[in-house]
Every structure is written in structure tokens, then in C-alpha cells.
Amino acid sequence: MLTPDSSLTTAFDAVVIGAGPVGLACAIEIQRRGLSVVVVDKGALVNSLIGYPTNMEFFSTPELLEIGGHPFVTANYKPHREEGLDYYQRVARAEQLPLRLYERVLRLDGEPAQYRVVTDKGEIRARYVVVATGFYDVPVKLNVPGEELPHVSHYYKEPYQHAGQRVLVVGAKNSAAKAALALTRAGAQATLVVRGAEVSASVKYWIRPDLLNRIAEGRITAHFQTTVQAIRATEVDLLTPAGPLTVPADYVYALTGYRPDYALLAALGIGTQPDAACTPTYNPDTFETNRPGVYLAGTVCGGLNTSRWFIENGRHHARVIAGHLAGQ
Ligand SMILES: Cc1cc2nc3c(=O)[nH]c(=O)nc-3n(C[C@H](O)[C@H](O)[C@H](O)COP(=O)(O)OP(=O)(O)OC[C@H]3O[C@@H](n4cnc5c(N)ncnc54)[C@H](O)[C@@H]3O)c2cc1C
């Protein structure tokens, strides 16, 4: 049984916003220090992983994804999305974490030690707030005409509905590379559009050669130094080094990354640094933000540098934060 918290005005020592791996790790560590905590998520428990591609293989080995010291036992060398979902949801149950799911946090009112987390369903009073809202909810847009058409998506799930279709994939990193390969193997005709001169060097070492070989043998068409100019129902306008080019496309995946929800951070009263990554304002030693008693944890800490913190290293924020707020 999960532990739903249905009260509308309960007071807690701490509210954790975001039921992702890092948010759950924070709640566990806070609860272990004898403080009351509730986790609020606008979606399901471990909502981001629910949105990841079916059967996606983590690049991390299971012990590097563990939280709260719970062993992550898998049959495979690297776990799949479904095993990750099962693991994190089981851990939340085992720890009896109070949860308020499908409840979106809108803003943070009140003063230090007397905060009011305002949601679309009510208000939660708390002394401390931990913001672990990740980065997966706001896609980096192409900002071209046609991007809002129904056959354009920023989230790739699985290839099977595209067998026999012409699919354009925009992007040069792991997600785009994996999608182009899976689509090709499922019988789609994949075209890859890359803004840079090559597939990113950061693509995992077991994926990159596979993709380059499929491009070399002509199974995947790749356009480098190319940008999308406009999307229509059955074709896409590109700008290539050789000039404008229109290619057919029945479906478009714009896998050009994601960014933290800066509007939410502003509504929580958290500032942003004037650096290239627009890093949210926090003390790197304690993770406390410019708002006393309000902490940041996990991927959101990196701002636009969304690969700075991930589960492997972000989960360690939990102990630092719990230790700091328990010591106050
Ligand atoms: C395809 C893919 C594969 C990956 N593989 C790995 C891997 O192998 N190893 C690894 O270490 N990392 C991996 N990562 C990165 C990792 O998944 C993220 O870094 C991780 O999910 C970050 O955890 P988090 O708890 O900080 O944020 P998230 O997991 O993104 O959780 C944030 C939560 O906050 C909630 N939320 C957001 N806004 C609100 C709001 N207003 N109100 C309430 N709730 C809100 C969201 O619904 C979400 O559940 C991968 C990422 C992707 C996309």
C-alpha cells in the first residue's frame, strides 16, 4: 500500500516537491532524522521515468541508482525502465512515504519556518521545502512553424506505431540516436537531422558506432549542419549546407533536450545566476537556496546544464540536505 496524504491543510516539517528518484531519496533521509515529510508530485510516483521510452536501458548499473540503501537487484547488467519504476515505487512503499500525487505545486507563500506550499488542490504548511522537480517537463523547442502539429512530439516512447512510416528525428544525443536506431529496426524510414557537424561525442560508446554504421550503409539518412525551418503534414523544410531542402515526413520527433521549469522556480522565489547555464541560486555546500529553509536537489540544480546532475550523483544531495535541515 502506498501512503496517500489526503488532508488539505496538514503541517509538516518538510515538503518535498517532486517524486522522482532524488525527491524520494530526500524524503527518506528527512524521515529517518525523525522529521515529518510529505512528497508532492504533479503526476504519478516517479513520473519522469513513466515518460521514458518503453524498455529503455539505464546507462548506470543498478547499485548506482539505489536510494535509501535499498538494494536494486536486477537480472541484467543494466536495469531497464520498468525495473527502475518497480524499484523506486517499492522503496516508497517500504519507507511508507506520505505522498500527494497528481497535485501540482503552483507557488510558495509565507515566511521562513512558516511556509505555505500552494497547490492546485490546496495548501501544505511546512518549515522546510525541498525542490526536486527535475527537468523533463519543459522541452527545448525548435521554435518553427508547425511544431504544434499533432504528428510532432518531443517525447519518444517506442517505434512500433511507425512501421512503414517516414520519421524525421531531430537531435544528436543519446535519445535521438537510440530513437533513430529503434525506428529503423522496426521498419520505419528514419531521417536524422543534426545541427552540428557530427553525432555528439557524448553519445554512449556502445550506441554511437551502431548509429554511424547505419548511416554509412544508408539505412538511416543523416543531414548534418542542418536545421528545421518548418513542419507541415507530410513534409519538413530543412536548411542544409547545400541550401533549402524539403523532405517527406509522416512523423517528427524533436529530441532536442529539456530544461527546468524556470517559471515554477520563480514562483517558488528561487533566483537564477547570470551564468550560461542559468543555474538556480543555491549554496553548493548545503543546497539551501536564496530563500531560507528552501532547498534544491537533483537535476534541477544544474539549470540548463541538465547532464550535470543525474540519479547517480544527485541522490547524494539527500543526505546533505536532510543533515542540514535537521541540524537547524
Ligand atoms: C532517457 C533517459 C535515461 C536516463 N538514464 C539515466 C541513467 O542511466 N542513470 C542516471 O543516473 N540518470 C539517468 N537519467 C537522468 C535521470 O533520469 C534524471 O537525472 C533523474 O530523473 C533526475 O531525478 P530527479 O528526482 O532530480 O528529477 P525527476 O526524476 O525529473 O523528477 C522530478 C519530479 O518533479 C515533478 N514535478 C515537476 N514540477 C512539479 C510541480 N510543479 N509540482 C509537483 N511536482 C512537480 C515531476 O512530475 C517529476 O516526477 C536518464 C534520463 C533520461 C531522460
Output the residues belonging to the stretch 259-317 that are modelled with pLDDT of 95 or more, more than 12 Å from THR133 (Cβ to Cβ), near the ligand (Cβ under 9 Å from one of its atoms) and surrounded by fewer than 17 Cβ atoms within 10 Å (Cβ to Cβ). GLU312, ASN313
Among ALA19, ALA11, which is surrounded by 20 or more Cβ atoms within 10 Å (Cβ to Cβ) and touching a strand residue (DSSP E or B) at 6+ places or on another chain (Cβ under 6 Å)? ALA19
I'd like the full set of residues that are touching a residue at least 60 places away in the same chain (Cβ under 8 Å), near the ligand (Cβ under 7 Å from one of its atoms) and either over 18 Å from the mean Cα position of the chain (by Cα) or farther than 19 Å from GLY323 by Cα (or both), limited to the stretch 16-46. GLY18, ALA19, GLY20, VAL40, ASP41, LYS42
When you look at TYR102, is it hydroxyl-bearing (Ser, Thr, Tyr) and in a helix (DSSP H, G or I), yes or no? no
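Table: residues versus (1) within 17 Å of the chain's Cα centre (by Cα); (2) of a type in the set (Ser, Thr, Tyr); (3) more than 29 Å from VAL117 (Cα to Cα); (4) within 12 Å of the ligand (Cβ to nearest atom).
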position: ILE67; (1), (2), (3), (4): no, no, no, yes
position: HIS70; (1), (2), (3), (4): no, no, yes, no
position: LYS78; (1), (2), (3), (4): no, no, yes, yes
position: ARG90; (1), (2), (3), (4): no, no, no, no
position: ARG93; (1), (2), (3), (4): no, no, no, no
position: PRO98; (1), (2), (3), (4): no, no, no, no
position: ARG104; (1), (2), (3), (4): yes, no, no, yes
Being in a strand (DSSP E or B), outside the structural domain of ASN283 (by TED's automatic domain parsing), crowded, with 20+ Cβ neighbours inside 10 Å and over 23 Å from the mean Cα position of the chain (by Cα), is that true of even one residue in the stretch 192-204? no
Which members of the stretch 139-159 meet the condition of being within 14 Å of the ligand (Cβ to nearest atom) and either in a loop (DSSP other than H, G, I, E, B) or modelled with pLDDT under 95 (or both)? VAL140, HIS154, TYR155, TYR156, LYS157, GLU158
So which pairs qualify, if the first residue must be in the stretch 274-298 and free of Cβ contacts under 8 Å to residues at least 60 places away in the same chain, the second must be among the acidic types (Asp, Glu) and surrounded by fewer than 19 Cβ atoms within 10 Å (Cβ to Cβ), the Cβ gap must be under 6 Å, and the two must be at least 6 apart or on different chains? none
Somewhere in the stretch 126-133, is a residue under 16 Å from the mean Cα position of the chain (by Cα) and assigned to a loop (DSSP other than H, G, I, E, B)? yes
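The values are calculated or read from the model by the stated rules, or taken from the named source; none is laboratory data. Quantities reported herein were computed from a predicted structural model and do not represent experimental measurements. Glycine gets a Cβ as well: all are built from the backbone with ideal geometry, and neighbour counts include every protein chain shown.
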